[in-house]
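The structure under discussion appears below in the form of structure tokens.
Derivation of every value follows stated rules applied to the coordinates shown; laboratory data play no part. Owing to the predicted nature of the structure, the values given are computational and were not obtained by experimental measurement. All Cβ positions, even for glycine, are placed from backbone atoms using ideal geometry, and neighbour counts span all protein chains on display.
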Amino acid sequence: MLEILVVLLVVVHFLVPISYYTFVKSFWLRRPWGLNIDENYLPYITIIVPTYNEEENISNKLENIYLQDYPKDRVEIIVVDSASRDRTVEKVREWMKARPDIRVTLIEEPVRRGFIAALNYALQFVPKHTEVVIFTDADSFWERDTLRRVLKYFADERVGAVTIGVRYMNEKRPAVGNTYRHYFNIIRLGESKYFGTPVLNGVLGAFRFKLLKKIGELPQFTANSNDSTLGSIIAFMGYRSIQVDETEAVEPMREDEIRRKIRRAQHLILSFLKTKSYVKERGVYVKTPFDKVWRMEWYLTVLNPWLLIAAMLLAMAGVLFNSSLVLFILLACGFMLLAVKTFRMWIIHQLILVIAAVKNLWTKELVWKK
Ligand code: GDD
Ligand code: MN
């Protein structure tokens, strides 16, 4: 009896994501975008860079934006710093002096209230003629033509949000992080072609300013309303919220990578728990095919990891208390499979989601250690 239950949990846990992945890859991914993409569309944009203790990155970040092959008279940069304790602000000032031919506004918050508070503050400084607002983490870097490749999608009024994939630079152990990204990139891309994806990346989140104004303040209920929550809100409003694949960003792999993944998982879970009702309360919800994507991603993020945990605990109990041979073999197989990279990556991802869900019970990590 216990054996059947465990096997059932394991089968569902693995079969749902594998089927979804296979389905997305074979059907949605192959679709055309169904959008009027215009290579010559060069809208006025405002790029918002939030910083907290980014002295190592900020000059490179600004330089990276400066070197984009995009008309500078259509770019506005806003750096919003929340009382960094290092030389971030000085670095920004120095850089502004060295590069007077691009508009940069530096906003300094006297105290650190958190990431979303800073973005909301910065949004008040976005010039009226801006068509697209881009949020980008200070420690992420784009390719030279990234802006063009992203902005051309906004030529179509149905597009509300655009993001790009991420690759790690200076990886200590190549490929592991990137296999992880590869699996998710396929899914994000397929979902995007179908209608929209609920998960955007902080390396670049581009949003139609008109829609941001309609939303008003970014909600504080998840600390990542700059990316995933905002992307989901926009998709629920009936606009396409997409990840495109012609360009990528790179970001450094940090020492505290696991802790960072837990924090981001916490925010993602909160986003899944709260965004839909938020959009409905605001009265901006429209029924679209995005609901299907949402339901599946909701299940995969919020529920599915617990099936694995339940199966593991039950199996261990079965071995300890019933000396079940079947369960022992099953557990042993599971452990041996850990030698396979993809499997290991998946299990770690599930554990991170479970730890994040538990951690959410006492802290939302709205302001994080840096
Ligand atoms: N102004 C301001 N105030 N900026 C902040 C604050 C703050 O309190 N905290 C962090 N930042 C800045 C960082 O300097 C960086 O540019 C960006 O926000 C992202 O923070 P990181 O510390 O680099 O975290 P991450 O790489 O894990 O960020 C990702 O996760 C977040 C959700 O957990 C990003 O993808 C974010 O966009 C995402 O919201
Ligand atoms: Mn970062």
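With contacts defined as alpha carbon pairs under 8 Å and 6 or more residues apart, what's the relative contact order of the range 256-360 in percent?
Once divided by the residue count of the range 256-360, the mean separation gives 47 percent.
At 222 nm, what helix-only mean residue ellipticity would the chain give, in deg cm²/dmol to the nearest 500, using -39500 (n - 2.57) for each DSSP H run of four or more?
One gets -15500 deg cm²/dmol as the mean residue ellipticity at 222 nm.
Assuming R0 = 25 Å, can you tell me the calculated FRET efficiency for the pair ARG113 and TYR299, based on Cβ-Cβ distance, to the nearest 0.05?
After rounding to 0.05, the efficiency reads 0.15.
Can you give the net charge of the other residues whose Cβ lies under 13 Å from the Cβ of ARG99, counting K and R as +1 and D and E as -1?
Result for the local shell: +3.
Hey, what angle do you get for helix 2-26 against the long axis of the chain, alpha-carbon based, 0 to 90 degrees rounded to 10?
The angle comes out near 40 degrees.
If the cut-off is a Cα-Cα distance under 25 Å, which lysines reach LYS61, setting aside same-chain residues fewer than 8 apart in sequence?
LYS72, LYS91, LYS97, LYS128, LYS152, LYS172, LYS261, LYS369, LYS370
If you build a Gaussian network model of the chain, linking Cα atoms that sit under 10 Å apart, which residue out of GLU109, GLU251, GLU94 swings the most?
The residue with the greatest mean-square fluctuation here is GLU94.
Modelling each spin label as a point 7 Å along the Cα-to-Cβ direction, I'd like the ALA98/SER277 distance in nm, to one decimal.
Computed distance between label sites ALA98 and SER277 equals 5.0 nm.
What FRET efficiency, computed as 1/(1 + (r/R0)^6) with R0 = 41 Å and r the Cβ-Cβ distance, is obtained for TRP306 and LYS213, rounded to the nearest 0.05? Intermediate values should be presented prior to the final figure.
Working: r = 39 Å, r/R0 = 0.95.
Once rounded, the FRET efficiency stands at 0.60.
Expressed as an acute angle from 0 to 90° and rounded to the nearest 10, what is the orientation of the C-alpha long axis of helix 304-322 relative to the principal long axis of the chain?
30
Setting aside same-chain residues fewer than 8 positions from LYS359, which aspartates and glutamates have a Cα under 18 Å from its Cα?
ASP256, GLU257
Can you give the FRET efficiency for ILE258 and TRP362, using 1/(1 + (r/R0)^6), R0 = 22 Å, r = Cβ-Cβ distance, to the nearest 0.05?
About 0.75, to the nearest 0.05.
Calculate the spin-label point distance for ARG144 paired with GLU157, positioning each point 7 Å from the Cα along the beta-carbon direction, and give it in nanometres.
Simple spin-label model gives 3.6 nm for this pair.
Report relative contact order for the chain in percent, whole number only (criteria: Cα-Cα under 8 Å, sequence separation at least 6).
In percent, rounded to a whole number, it is 21.
Normalised by the residues of the range 1-159, what does the relative contact order come to in percent, with Cα pairs under 8 Å and at least six apart? Walk me through the intermediate numbers first.
Working: 214 pairs, mean separation 56.5, N = 159.
Once divided by the residue count of the range 1-159, the mean separation gives 36 percent.
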